[in-house]
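Below you'll find the structure, written out as structure tokens, and then a few comments.
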Amino acid sequence: MVWEIFVATFGAVFFAELADKTQLVGIGMAAKTGRPLAVWLGSVSAYIVVTVISVFLGALMAKFIRPELIRYVGASMFILIGFLMLLKVI
């Protein structure tokens, strides 16, 4: 069961982050500085911190709010932002 959760989470995060702005920042920083190892270490460290915060925040929220509600609100916000970007409002 734990392995299935790990694989599902890895797959979801991997494909969500693939060609995301964070990868473009990494490419740009590595090209600009010529120090890919330092860029990689900085990127990985930042992602670890962000992930720890989001996982603990999600666990805390789940105690007070149904996970389905969090999913629907998140999806709605994603759609709204996409629509506003399409209309060039933001």
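Between 0 and 90 degrees, rounded to the nearest ten: what's the tilt of helix 21-33 against the longest Cα principal axis of the chain? Taking the Cα atoms of the chain, the angle to 21-33 is about 20 degrees. Under a model in which nothing but the beta-carbon of Lys, Arg (+1) and Asp, Glu (-1) is charged, the chain shows a dipole of about 260 debye around its Cα centre. Once all Cα-Cα distances of the chain are split into 5 Å bins that start at 0, what whole-number percent is in each one? Percent of Cα pairs in each bin: 2, 11, 11, 19, 20, 16, 12, 6, 2, 0.
Dipole orientation for the chain: of the candidates ILE79, ALA30, ALA19, ALA30 has the Cα lying most toward the positive pole (charges on Cβ; Lys, Arg +1; Asp, Glu -1).
Only the coordinates and a few stated rules stand behind these numbers; no lab work does. What you see is a predicted model; the values in this text were computed from it and never measured. Here Cβ is always computed from backbone atoms with ideal geometry, including for glycine, and neighbour counts include all displayed protein chains.
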